[in-house]
Amino acid sequence: MALGVSSVGIAPFPQLFQPFSAFKSKCSGSPAVLARISNNGSQPSSNGHPSPTLTQKFPGKPEADVVVIGSGIGGLCCGALLARYNQDVLVLESHDVPGGAAHSFEIKDYKFDSGPSLFSGFQSRGPQANPLAQVLDALGESLPCATYDSWMVYIPEGEFLSRIGPTDFFKDLQTYAGPDAVREWRKLLDAILPLSAAAMALPPLSIRGDWGVLSTAGARYAPSLLKSFAQMGPQGALGATKLLRPFSDIIDSLELKDPFIRNWLDLLAFLLAGVKSDGILSAEMIYMFSEWYKPGCCLEYPLHGSGAIVDALVRGLKKFNGRLSLRSHVENIIVEDGRAIGVKLRGGQFVRAKKAVVSNASMWDTLSLLPKEVIPKPYEDRIKMTPQCDSFMHLHLGFDAEGIREDLGIHHIVVNDWERGVDADQNVVLISVSSVLGPDLAPPGKHVLHAYTPGTEPFEIWKGLDRRSNEYKELKAQRSEVMWKAVERALGPGFDRDKCEVKLVGTPLTHKRFLRRNRGTYGPAIKAGKGSFPGHATPIPQLFCCGDSTFPGIGVPAVAASGAIVANSLVPVSQHSELLDAVGI
């Protein structure tokens, strides 16, 4: 599956698993429904500067069956599938390149990923495939990828090449933790891998937000779900009831006490969903384990960078006559007689939506697009009270590969101090050297690198700073030093920061400015057992939300699934079923 890098991810994201009753409660359109932060389409232009704010004249008439706000992965998946369903779709993007938090940009012939960089499951097919792979399959689009099976880890105990697969990690445990850790890890795998069939029982492409889900998901996949429970036996089926509980419940029930194991599981959970093991759904972790610790598993990276994912979705959108309009900034969602009927663009142009408006913006930013008088107070209060994840620091570098070891891997993760917790600021740094697997992403003999602190940078210390001030520049230098040191550790003595041809430091203000993210946030900090990601309907009829402000949450596979669910919900069950038949799930 795919990791959300500009969204915290470095571990595969889960398939959807939710009982219909829980799903319906989140898709009911009651005032309790929220709209979570999406990979909304707002980003720097290809030259690294803000794109023009003038509205570009978009193709066709200023109306569509469905208007989608934002060309993040969630919005593009929604729009492209709706076009596949023969709906007239118009995707409106504020900036001059699509992709939202997953866009790519180019400076001095270096092609940078701004967000996701760790992926798997693009080549998977069938009911248990990555949700994004299912969407691309439905669009008839492919994504050439390089494959690999390891990533470098730098932790207080030492540094090692962590390989995915059923047996290799045992060797690392024996070296860095000891026999107790090996025993506990084996106990964990034996307990949770049998639950993976239940965690992956419902293909994301089969889910919709109305009672039609009883046909497209319930009746269609009930036999395989029941079979998976039967194969698990009484104990396994009983354990499956924990899928919607925090993963820490499973850890505690197995009496896993080894500090290395507990720290490692917190790290995986945090990289996967921005919370530690006491805040992540067991279903998410179990799916990740089934993807990373099964025979023959591998990681994948698109040969032309994460921007290739966006390109494939845009091709799919246009193939089925969907429209994408760049530099089309939405200022307001227009509500008439209590229903969303379209949007107003900067400059005053009105674009009519005959059937629905879909917002791929964050829950907070969607709220700001609505007329205050039409927003139910419980809905507004819930959004305003929803806690936010922190933001990011980013470091983008272009440099000469001379002197850098030839066996340099694409991904590196640095943990400075277990005691502080993996969610502490300035403690964990993720590094992606994408040119290792995608040589055309940098000039010959060069490397392109993206390092970041994953959703742990507090916005408050940046709030109100003038980006041109010395205070801001000094804080950038100070807060980026942890990333520079991590890069120097990963690349070795052959790397010289002073010789980098491109040096870009991004802050929470950069996130807020370019990605249109409220307070530069990664999204809602919703913990398993203490809340749930909202559904896709809103209290405003004909207004829907997708992206990582909505179920199933954060990460590329999750936002792809959210976009697919909204698209499915806007067409008849018969069309939805025909699509499932066409892609063989």
Quiz item: Put a dot 7 Å past each Cα toward the Cβ at ASP168 and LYS372; how far apart are the dots in nm?
Solution: 5.7
Quiz item: Mean projection of the alpha-carbon convex hull of segment 391-519 over all orientations, in nm²?
Solution: 8.5
Exercise. Starting from the Cα of LYS372, draw a straight line to each of the aspartates and glutamates and keep only those under 19 Å, dropping any in the same chain fewer than 8 residues away.
Key: GLU331, GLU336, ASP337, GLU380, ASP381
Self-check item: Estimated vicinal HN-Hα couplings, Hz - segment 496-506 in sequence order (Karplus 6.51, -1.76, 1.60; Gly, Pro = x)
Solution: 10, 4, 6, 9, 5, 7, 10, 9, 10, 10, x
Self-check item: Computed P(r) (all Cα pairs; segment 468-537; 10 Å bins; percent)
Solution: 15, 31, 28, 18, 7, 0
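Go ahead and run the numbers for FRET between ARG339 and GLN575, Cβ-Cβ distance against an R0 of 25 Å, rounding to 0.05.
Details: r = 23 Å, r/R0 = 0.91.
So, using R0 = 25 Å, E works out to roughly 0.65.
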Self-check item: Fraction of the pair-distance distribution of segment 385-445 above 14 Å, Cα-Cα pairs, percent
Solution: 68
Quiz item: What size of dipole, in debye to the nearest 20, comes out for the chain about its Cα centre when the only charges are +1 on Lys and Arg C-beta atoms and -1 on Asp and Glu C-beta atoms?
Solution: 1640
Quiz prompt | Amide H partners (placed H, <5 Å) of ASN332, local residues excluded | solution = LYS344
Exercise. Pull out the extension gain between ARG420 and ASN321, defined as 0.36 nm times the separation in residues minus the alpha carbon to alpha carbon distance; nm, one decimal.
Key: 30.5 nm
Exercise. Go from 0 up to the bin containing the longest alpha carbon distance in segment 135-221, width 5 Å each, and give me the % of pairs per bin.
Key: 3, 10, 12, 13, 13, 12, 11, 11, 8, 5, 1
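How long is the gain from LYS384 to SER142 if the chain were fully straight, where each residue apart is worth 0.36 nm and the alpha carbon distance is subtracted? Can you show the working numbers first?
Details: separation 242, 0.36 × 242 = 87.12 nm, distance 4.00 nm.
Difference between extended and current length: 83.1 nm.
Between LEU161 and SER215, 0.36 nm times their residue separation minus their Cα-Cα distance comes to what? Could the numbers behind the result be given before it?
On the way: separation 54, 0.36 × 54 = 19.44 nm, distance 4.57 nm.
Extending this stretch completely gives an extra 14.9 nm.
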Practice problem: Could you tell me which of HIS394, LEU437, GLY492 has its Cα farthest along the dipole of segment 391-519 towards the positive end, charges placed at Cβ (Lys, Arg +1; Asp, Glu -1), taken about the Cα centre? | Solution: HIS394
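Suppose R0 equals 35 Å; then what is the FRET efficiency for LYS108 and GLN478 from their Cβ-Cβ distance, rounded to the nearest 0.05? Spell out each step's value before the answer.
Numbers: r = 26 Å, r/R0 = 0.75.
Efficiency, rounded to the nearest 0.05: 0.85.
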Exercise. Report Rg (one decimal) and Dmax (nearest whole number) for segment 271-428, counting Cα atoms only, units Å.
Key: 22.0, 66
Quiz item: Sorted from largest down, what three extents in whole angstroms do the Cα atoms of the chain have along their principal axes?
Solution: 65, 63, 42
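Regarding segment 292-366, what's the average projected area of the Cα-atom convex hull, expressed in nm²?
Here the figure is 8.9 nm², rounded to one decimal.
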Self-check item: the chain - mean residue ellipticity at 222 nm from DSSP helices (-39,500 (n - 2.57) per run, n ≥ 4, rounded to 500)
Solution: -10000 deg cm²/dmol
Quiz item: Within the chain, which complete DSSP H helices have Cα atoms spanning at least 24 Å along the helix axis and a mean Kyte-Doolittle hydropathy of -0.5 or higher?
Solution: 220-239
Practice problem: Tally the DSSP beta bridges in the chain and give the antiparallel ones as a percent, rounded to 5. | Solution: 70
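Let's test the formula: R0 of 41 Å, r as the Cβ-Cβ distance of LYS499 and SER469. What FRET efficiency results, to the nearest 0.05? Don't skip to the end; give the middle numbers.
Numbers: r = 28 Å, r/R0 = 0.69.
The computed FRET efficiency comes out at 0.90.
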Self-check item: Shape call, segment 339-442: gyration tensor on alpha carbons, a/c limit 1.5
Solution: oblate
Practice problem: Under a cut-off of 17 Å between alpha-carbon atoms, report the aspartates and glutamates in cross-link reach of LYS503, not counting same-chain residues fewer than 8 places apart. | Solution: GLU106, ASP109, ASP113, ASP400, GLU474, GLU481, GLU488
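Read-outs throughout are calculated quantities, based only on the coordinates presented, and are distinct from any laboratory measurement. Remember, predicted model here, so these are calculated numbers, not experimental data. With ideal geometry, Cβ positions are generated from the backbone for all residues, glycine too; neighbour counts draw on all protein chains shown.
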